[in-house]
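Structure, as structure tokens:
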Amino acid sequence: MKKSEAEKRIKELRELINYHNKQYYVYDNPVISDAEYDKLMRELEELERKFPELVTPDSPTQRVGGEPLPYFTQVVHRVPMMSLSNAFDEGELRDFHRRVTEVVGNDVEYVVELKIDGLAVSITYENGIYKTAATRGDGEVGEDVTQNVKTIKSVPLKLDFPPDKSPAILEVRGEVYLPKEDFRKLNEEREEQGLPLFANPRNAAAGSLRQLDPKVTAKRPLAVFIYGLGYAEGIEFETHYEALQFFKRIGLRVNPHIVLFDKFDDVVDYCLSWNEKRHELPYEIDGMVIKVNSLEQQRLLGSTAKSPRWAIAYKFPAEQKTTVIKDIIVRV
Ligand SMILES: CC(C)(CNC(=O)c1ccc(Oc2ccccc2)cc1)c1ccc2c(N)nc(N)nc2n1
């Protein structure tokens with residue numbers, strides 16, 4: 001095959017593979033079989049082997065990065081990654097709502113999201129191409145985990161911008177997690193190998209993401225849900241819900257159980273309902289997150305040094321298990 005034909009076919013294959021990744025990971029609606037998908041990947045890998053000069057960093061074949069790192073470099077977040085204040089019961093939830101309405105009045109909508117029990121990451125795309133990823137760290141400075149996050153199949157390496165909206169820089173935040181079933185299997189393998197077990201999926205995700213060798217991370221079936229905007233150049237949103245819809249449209253994986261409410265009683269009912277329903281989810285959640293939808297109202301409410309006044313986490317009552325102590329995250 002001539003180089004020009006290879007170039008054309010490589011472009012086609014990348015677009016096809018990106019499309020099928022979006023169908024599978026973002027819309028949970030694959031339209032080809034795994035075997036057919038693998039065939040496309042193999043053809044692309046074969047062509048890139050024949051024409052290595054045609055390989056680009058955003059090619060779907062470039063997920064498992066380079067050599068192990070000696071250490072993680074630090075990344076200063078353009079916008080701090082804040083934490084959430086907590087509400088532990090309905091009363092505290094209603095106190096939050098009262099504080100909000102005292103500032104912005106009664107015409108307020110809320111977006112309610114699951115609080116995935118994983119670890120927070122920030123992912124930056126430049127002109128729609130995956131660029132960097134960092135852990136939350138202390139909120140101001142995190143660890144550069146670009147190579148490791150790149151191995152997560154539900155993280156797109158190229159965003160699908162519509163012609164009228166293509167931000168030069170888009171930095172989003174989300175939660176990296178390990179699904180329950182994969183956590184169980186991982187601990188089963190570790191037991192067989194006589195290795196220490198992970199205490200819970202969150203620790204397993206953290207331990208997997210903080211690996212210095214991306215080939216180890218690549219073996220861990222991590223996943224991500226994007227839940228917020230960090231920083232953007234070249235695009236503006238009026239509401240949080242609009243931002244989430246845009247994220248989904250361009251290929252970022254957003255949780256399917258996010259709901260917009262305009263009555264706080266419905267927010268409360270929805271939060272309480274998930275204390276039971278969560279046991280059927282394929283991943284662990286430790287609560288719900290309630291956010292004022294209007295970005296203008298968010299600005300009016302502002303933030304404390306630590307957390308926004310326009311969002312709160314509703315934590316489920318701790319199950320009668322061993323007391324939850326702050327787990328020490330180790331790299332194993
Ligand atoms: C709401 C926010 C705290 C993110 N937002 C921010 O980190 C943030 C940071 C600076 C902001 O504005 C500032 C900009 C510049 C300076 C200071 C504040 C606004 C939001 C948050 C935190 C954890 C979440 C979680 N585990 N699950 C879900 N589903 N949502 C979550 N949302």
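The values are calculated or read from the model by the stated rules, or taken from the named source; none is laboratory data. Everything numeric in this text was worked out from a predicted model, so none of it was measured. Glycine gets a Cβ as well: all are built from the backbone with ideal geometry, and neighbour counts include every protein chain shown. Side chains are part of the model used for accessible areas, which takes the heavy atoms of the whole protein and leaves out ligands, DNA and RNA. Shrake-Rupley method; radii C 1.70, N 1.55, O 1.52, S 1.80 Å.
Hey, can you tell me all the residues within segment 114-130 that are among the hydrophobic types (A, V, I, L, M, F, W, C) and either within 14 Å of the ligand (Cβ to nearest atom) or at pLDDT below 95 (or both)?
Correct list: Leu114, Ile116, Leu119, Ala120, Val121, Ile123.
Out of the residues in segment 82-111 that are among the charged types (D, E, K, R) and within 27 Å of Tyr231 (Cα to Cα), which is farthest from the ligand (Cβ to nearest atom)?
For segment 82-111, the residue satisfying everything is Asp107.
Name the single residue, out of those in segment 174-196 being within 16 Å of the ligand (Cβ to nearest atom) and touching a strand residue (DSSP E or B) at 6+ places or on another chain (Cβ under 7 Å), that is nearest to Gly251 (Cα to Cα).
If we take residues in segment 174-196 being within 16 Å of the ligand (Cβ to nearest atom) and touching a strand residue (DSSP E or B) at 6+ places or on another chain (Cβ under 7 Å), then Gly174 is nearest to Gly251 (Cα to Cα).
Do we have Asn29 as within 16 Å of the ligand (Cβ to nearest atom) and surrounded by fewer than 15 Cβ atoms within 10 Å (Cβ to Cβ) here?
no
If the requirement is being surrounded by fewer than 20 Cβ atoms within 10 Å (Cβ to Cβ) and without any contact (Cβ under 8 Å) to a residue 60 or more places away in the chain, which of these qualifies: Arg190, Arg210, Arg249?
Checking each option against the conditions leaves just Arg190.
Give me a count of the residues in segment 243-268 that are assigned to a loop (DSSP other than H, G, I, E, B) and polar (S, T, N, Q).
Residues in segment 243-268 being assigned to a loop (DSSP other than H, G, I, E, B) and polar (S, T, N, Q): 1 in total.
Out of the residues in segment 262-315 that are hydroxyl-bearing (Ser, Thr, Tyr) and in contact with a strand residue (DSSP E or B) (Cβ under 7 Å, 6 or more places away or on another chain), which is farthest from Val79 (Cα to Cα)?
Tyr270
Scanning segment 143-185 for residues that are of a type in the set (Phe, Trp, Tyr) and more than 10 Å from Pro221 (Cβ to Cβ), which turns out surrounded by the most Cβ atoms within 10 Å (Cβ to Cβ)?
Only one residue fits best here, namely Tyr177.
Taking strands (runs of 3 or more DSSP E) that fall entirely within segment 114-190, which contain at least 2 residues that are assigned by TED's automatic domain parsing to the domain that holds Pro70 and of a type in the set (Ser, Thr, Tyr)?
Per the criteria, 119-126, 129-135.
Given (1) open to solvent by 20 Å² or more (accessible area, probe 1.4 Å); (2) more than 26 Å from Val292 (Cα to Cα); (3) within 16 Å of the ligand (Cβ to nearest atom), identify the lone condition not met by Ala133.
Here Ala133 meets the rest and fails (1).
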